[in-house]
Amino acid sequence: MSATILKVAALAILNVALVLLLSPLYEGLLRKLKATLHSRMGPPVFQPFLDTLKLLGKEDLLTVQHPAYAVAPAAALASVLLLATIIPIGGAPPLAFAGDVIGVVYVASMSAVLLILTAFASGSPYAAVGGSREMMSLLSVEPVVAVTLVVGAMKAGTLSVAGIADWNAAHGPTISMTLAGVALFLAVQAQAGKLPFDIPEADQEVMGGPLVEQSGPRLALFRWTMWARQLVFSLLLVELFFPWPRTGVLAADAPLALLKALVVLVLVAVVDVVNPRLKVEQAMGYYLRVALSSLAAMAFAVVGM
Amino acid sequence: MLTVILCLVLLLPVAGAVMAGHARAEESRGIAVRAALAAALLAIWAAWSAFPLGYDVRLGGLPWLGREAGAGLFGLLLDPLATILLLVVTIIGFLTVLYSHGYLTEHNQEHHGTPEDQGRYYFWLLAFMASMVGVATAPNFLQLFLFWELTAVCSWSLISFYRSATSLRVGFKAILMTHAGGLFFIAALLVMFAQTGSFDFDAPSRMNENLRGWVYGFLLVAAWAKAAQVPLHTWLPDAMEAPTPISAYLHAAAMVKAGVFLMARAVSSGWAVPHGVGLLMAVMAFVTMLVALSFYFLQDDLKRLLAYSTIAHLGYVLLGVAIGAMGSPVGLQGGVLHIICHAFGKATLFLCVGAVAWITGSRSISRLRGVARVMPITAAAYFIGVVTVTGIPPFAGFWSKFMILAGAIRLPSPMGPVIVTLVLVESLVAFGWMLRVGQVVFLGPWTPTGVERQPILLPRSMKAALWVLMLGCLIAPVIGIPLVHRIAP
Amino acid sequence: MITFRLLEAAAAFLIAGALGALITARRGRRGAWVSVVAVSGAAILMVASAVRAFRGGGDPEVSALPIRALGAALRIHVDPLSAVFLCLAGPIALLTTLYSVEYMGRFVRDGLTKYYPVLLILFLAIGGTVVTTDLFWFLVFWELMTLTSFVLVIFERESREAHRAGLKYFVWNQGAALGLMGAALVLWRRAGSFDFEAIRVSLATLLDTAPVTGHAVLFLFFFGFATKAGILPMGTWLPDAYTAAPTSVTAAFGGTMTKLGIYGLLRVFLHLLPLGPATTIWGIVIAVAGLTSLFAGTLSALKQDDAKRLMSYHVIGQVGYMFFGVGAGIALMQTDPLLGTLGLVAGLFHLINNSLYKPCLFLGAGAVEYRTGSRSLSALGGGLGGVMAGTMACSLVASLAIAGVPPLNGFTSKWLLYATGILGAESSFLLPVAALVAMFISIVTLASFVKYVAGAFLGAPVVTPAGAPPIRDVPATMLAPQYVLAGACLVVGLAPFAVLRLVHQAIVGLPSMIGAPDFASLLGGSNTTLALARDGITLASWAPVPLTAVLLILGIAAYVGLQRAGGVVTRRVPVWACGEEENPAELRYRADSLYRPFKDVFHGMYPRMPVVRFEFPDFLRRTLDLDHWLYQPLARGTQGAVRGVSRTHVGIPQVYLLWIIIGAVAVILTVLLVTGGAP
């Protein structure tokens, strides 16, 4: 019994640690890539770590004094790390018994909710605009995420995340799962807050939107949350919809998964570089179309393809 | 013992009428209230002691009519059906007299003056009460007819009480139309007597099919006239010229009930009404309900609105009686129960309107606004009256309407569901309209009409009458249901 | 018998309380406290009888007050389903009454004579509706509920909106209730009694022998209950009535009264209706109705500016979730008892959750109104969080709960609903699509409650105008109910097991639930994890406590280990307006601007029923006016004829003689003509 608990705890710590430590590194790699595409030098790969360290030591400026407001950044980061414990990274999800794909959808939105509430609480009108946009982005993207996961659940006949991944690994590529994977990939673009969907932050318009009043350690944690979120979502994508090849050995599967996630994020970064920002309406229309097309994946799933 | 009590119930109002008629204005009020109270209490006592077996006593006869028919022709009958009407007549009669005590004063903003005429008013009112007691306790059609015509005379006098040109004209109209119905009653009596040599309530059922149909048909026409049913309904809205307590008592609670009482009596004694007559009664009841309903939307005078509502609800009673006649006794029980339930509800409504007019001098729906602010109890009574007559539980109308509908659904299809559907639709529309009118008149910000008596204060007697009636709206079915259970073939 | 006595005592408490409140209504708060005492007594007794029912399946049926002619009697029996509703109705009644004590002080111009007595009778009617097993008395209580709630809706009698809302409310619900009455009568015709058992037999035979009538009856039931519950399009009364009523009453409506629509559905479709083809059809109808309502209702909520109106539309949306769960459960029950039961449990559990967070939200909105006098989110402009911390905390918890943020209670029931929908894919392709719609709507719910919380509480602190007293949090009697409800949201969210067991007991206790799986094989026997399994394979799982524990550990670690690791100084600063010197009030981002592009997409989602302007046709009036074309001409004709006759009387003897001679000749001629000259 205690051995099981220890194993779960160890796996959970592993997942959390991987996401926590690798996400700034991935962000650094992506920045480097973007700079290369821009024909710039770009910052060092470890710049995100350095930025974070510096921010953590800076003065904390608060426009509102409320305990809930104070802990919001830590809570946001924790929610993304929690998400990391209910998705697989190489092995089975550590807390598989605690949450299934519905849990994933809802836990995934928690960080966004906290960000939005913090934005409104900060009292800045720019933050409010950003919060409103973040909410609309959530409204557009979350259905896409839900549809893709439901397709997986329909194919595998279970809502368990591990169950879907196992089914996909065992049965090889199918049309419906591939379509769903593509749709989820398109959603990752917005979940990661990258162009053309960085509408909520939109530094040039609303000065970072929800983050305009965040500074010092608070800003660092919110940034970290975003980085972790993009990593977790790409991990979810590759583990559920592109789990092949699978060896069954954690030491081999985990690095592979992380590598595949990096590929996904590289693609995301490339899209980011070559696109201008969309307007809210355009983004919503785009994701509406994506969601409707991903219903095609569901149709395929129903007929068993 | 019971004979004495019942005779007293009949004679006390007569005595009161004579005394009040000769007394001075202030004294006549007190005499009338006491006489009516005594009659009501005795009636309750009589009802209590006669229940559940009923009571029947013969007091005298007309020997020249022949040995069989003449002996013991006149008497007193107190079966459950009679008890219902007796209670309605005496209790609401007393409340009306009590209400009039406050209403007929110089403070009345609707009709100024006339307090010196009170002797005449109470004379006719108590005489009417006595005649209604006679109608209720009549043991056969002949005695019923005699008191029936007496009520018409009292009604005529009371409608024309204010002696204005209009009130004289509408009083004349009322007596013409109800008396035209009375002629059919006489015709029915003659045919009945010629055929069976008897005026007993079950005499028509002993006749052959063909004549029986005619007798019941004549009685039905008489009932239509008395109960203001289409096509003889037009006198009732005009009769609203009468003082409001009179409208409440005669033209909502008691006199018009005599018509439906006659049919309930005719049907429940023998249960031998031909199907055709039953069907005619049901169809005309529906026509009446719908015609009356359609006039709701055109009324600006609150009392005329209530008059049309009364017409519709008498239609309900007749519908229940007709359903009973067509073979579903629950319907008749419901109809009879509706007599008492509707009496309380509609009397409440009329007395509310009377109170409003007494204070504000107006009965116009388009002029009165926000009356509840100054007359909260009256407003509460109005809404209770509305839910009582439209049948929202736990108020009285629900129980009777439900029983009528239950009777209807037992009829062979497709008649049952059709009747139920139509009744429910009528009920909903009527309810919506009455509620809307109530909201317009009573709720909202208070807008004075300019002629209010200041300070705005109802006399205690009027308030007391309203309170008792509100209570009656709640407990009428408790009294009525055990009684109507005993009316069954 | 003990149950009957307990309920009798509860009713006695309520009636006595109503009379007491009526008498003491004019003496300040005394009437309020009398009511609180009465309601708490009744609530304890109601819960006690419910506990008895859960423990031992309840006492046998007791009947009173028979009406022989109708075969009706007040039959009282508390089964677990009734018990669930008693457990909700009692405590919520108590909380809202307690809240009223201070809250109703706002209405100085309107006497409380028509508040507490009516409120207590409303609670009596609610209790009566759920414990009777006689359709007639069910209708009596049902209509009593409509009547009393109508009085409460028009409480602010001088407001025109309240009238309109009240009229609309009463007419819609009365129409629906009359439909129920019709349905009951049709069934009674065959059964001869209103007892549920007799009606059950009657309904089964009716569906066999006359399917059209049978389905018409079921439609009337569905219509009646859906109208009460606020399902579209019949629920058009709901936003108006909820907004017009005093907020304490709105909370009671949202927590108990409209939920009885679901009670009615379960009673009729799983108690009175045996499983069969008809259940499947009507299950689908209920589910589709629920789906439309949750979609249109919630989307309409998003564009509301009035806080109470916003929540009222969510009542429609939330009840849509329940209808969806219950409908899907009823429809699946025959083909897939596992998912069928799951859907029913989900629907009923969502109802319980909704009865916890929805009153809490209404009470919060009422508290804001109590202190600021406004419900408009744009006008409020936020910032109350600093001064009304308790109210904000409760409203925030309830908002997150209704949006389904884990680990609060709303998530658990939504999780069950989605699991039913997604796993039901094998039965119908549409079920997962419906689940997706519900998931999307869940985010819309989140968006609109973010709007509410942001519009009322978040942002720069409010500046009270000079001279006005500073805004404080509401008094303890108004705050306590909110704390209780918000706490319940959290507790039920973290430990849903006990409640789910009771819900499951209530559902499987219904006569039609034959072959329903027991709780262990439905959601696992564990007290930490809810796991839905079929053939040993876990299909779905949710463990609130471990997940919350991990979240807390991670959160504390992130706070201590990262956010505060540097030990930095915190400093309070004003909002930075990018260097511009502006009036803070002008810098607000108004609530009505939120999500504008999104709202534009779904503009006009909620159907508004136009009020039909009825013009009485003139020709009909003239046709129906018998005086006009019959009696008046008749009277005039008679008068004319009589006048003609009177003109013959001239007073001259010769003329009379002439008349006599003419008359005699006429008579003789007539006789000759008739007899033909023969003697």
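Each reported figure results from applying straightforward, stated rules to the coordinates on display, with no laboratory input. Every value quoted in this text rests on a predicted model; they were computed, and no experiment measured them. Every residue, glycine as well, gets a Cβ built from its backbone with ideal geometry; the counts of neighbours run over all protein chains shown.
Here are the numbers for the structure shown:
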| quantity | calculated |
| --- | --- |
| Measure of compaction for the protein assembly as shown (Cα Rg per 2.2 N^0.38 Å) | 1.11 |
| Packing-based exposure ordering (other Cβ within 10 Å, fewest first) of A:SER215, C:SER521, C:SER82 | C:SER521, A:SER215, C:SER82 |
| Estimated 222 nm signal from helices in chain C, with DSSP H stretches of n ≥ 4 weighted -39500 (n - 2.57), rounded to 500 | -22000 deg cm²/dmol |
| Within straight-line cross-link reach of A:LYS194, lysines at Cα separation under 17 Å, skipping those fewer than 8 residues along the same chain | A:LYS32, A:LYS34, A:LYS279 |
| Length-normalised contact order of chain B in % [C-alpha pairs under 8 Å, at least 6 apart] | 15 percent |
| For segment B:2-484, convex hull of alpha carbons as volume per residue, Å³ | 122 Å³ |
| Shielding by partners, peptide C:541-551 (average Cβ within 10 angstrom, other chains) | 6 |
| Longest to shortest principal axis, alpha-carbon extents of segment A:48-135, angstrom | 42, 31, 23 |
| Shape parameters for chain C, alpha-carbon atoms, Rg then Dmax in Å | 32.5, 142 |
| Average beta carbon contacts from partner chains per residue of C:424-434, 10 Å cutoff | 3 |
| Summed side-chain charge close to C:MET181 - residues other than C:MET181 whose Cβ falls under 12 Å, Lys, Arg +1, Asp, Glu -1 | 0 |
| Expected 222 nm ellipticity per residue - DSSP helices of 4 or more, -39500 (n - 2.57), all of chain B, to 500 | -23500 deg cm²/dmol |
| Positive-end extreme of charge dipole, chain C - chosen from C:VAL39, C:GLY467, C:VAL151 (charges on Cβ) | C:GLY467 |
| Protection proxy ranking, peptides C:534-540, C:251-257, C:428-434, average beta carbon neighbours within 10 Å, highest first | C:251-257, C:428-434, C:534-540 |
| Pairs of lysine residues in chain C - Cα separation under 12 Å, sequence separation of 8 or more or cross-chain | 5 |
| C:TYR263, B:TYR249, A:TYR69 arranged by Cβ crowding within 10 Å, fewest neighbours leading | A:TYR69, C:TYR263, B:TYR249 |
| Lys, Arg +1 and Asp, Glu -1 on Cβ, resulting dipole of the protein assembly as shown about Cα centre, debye, nearest 20 | 1320 debye |
| Net charge contributed by nearby residues that have their C-beta within less than 12 Å of C:GLY566 (K/R +1, D/E -1) | +2 |
| HN-Hα J in Hz across segment B:9-20 - Karplus 6.51, -1.76, 1.60, θ = phi - 60°, x for Gly and Pro | 4, 6, 8, 4, x, 4, 4, x, 5, 5, 5, 5 |
| Cα long-axis angle, helix C:632-647 against chain C (0 to 90 degrees, to the nearest 10) | 20 degrees |
| Acute angle (nearest 10 degrees) that the helix C:476-494 long axis makes with the longest principal axis of chain C, alpha-carbon atoms | 70 degrees |
| Table column - 3J(HN,Hα) (Hz), segment B:217-223, Karplus curve with 6.51, -1.76, 1.60, x for Gly and Pro | x, 5, 4, 4, 5, 4, 5 |
| Radius 11 Å from Cβ of B:GLY270, net charge of other residues (Lys, Arg +1; Asp, Glu -1) | +1 |
| Number of partner chain Cβ atoms within 10 Å, mean per residue of A:78-85 | 5 |
| Most mobile listed residue (A:GLN189, A:GLN230, A:GLN47) in chain A, GNM with C-alpha springs under 10 Å | A:GLN47 |
| For segment B:443-482 and segment C:241-279, distance of Cα centres in Å | 35 Å |
| Qualifying aspartates and glutamates (Cα of each under 17 Å from Cα of B:LYS173; at least 8 residues distant if same chain) | B:GLU149, B:ASP238, B:GLU241, C:ASP625, C:ASP627 |
| Value of [θ]222 nm, deg cm²/dmol, for chain A, DSSP H segments ≥ 4, -39500 (n - 2.57) each, nearest 500 | -25500 deg cm²/dmol |
| Between helix C:116-131 and chain C: long-axis angle, C-alpha atoms, 0 to 90°, nearest 10 | 90 degrees |
| Net dipole in debye of chain B [+1 Lys, Arg Cβ; -1 Asp, Glu Cβ; about Cα centre; nearest 20] | 520 debye |
| Rounded FRET efficiency, nearest 0.05, which uses the C-beta distance separating C:GLU8 from B:THR166 and R0 of 56 Å | 0.50 |
| In order through segment A:138-150: 3J(HN,Hα) via Karplus (6.51 cos²θ - 1.76 cosθ + 1.60), integer Hz, x for Gly, Pro | 4, 4, 7, 7, 4, x, 5, 4, 4, 4, 5, 5, 5 |
| Selection from A:SER293, A:ILE89, A:SER215 lying farthest towards where the dipole of segment A:2-303 points positive, charges on Cβ | A:ILE89 |
| Order of B:CYS7, B:CYS352, C:CYS578, C:CYS394 - criterion: other Cβ atoms within 10 Å of each residue's Cβ, fewest first | C:CYS578, B:CYS7, C:CYS394, B:CYS352 |
| Pairwise centroid distance, computed over Cα atoms, of segment B:211-274 with segment A:15-31, Å | 93 Å |
| Inter-part distance where segment C:462-486 and segment A:113-149 are each reduced to a Cα centre, Å | 29 Å |
| By average C-beta atoms within 10 angstrom, highest first, the peptides B:315-326, C:304-315 | B:315-326, C:304-315 |
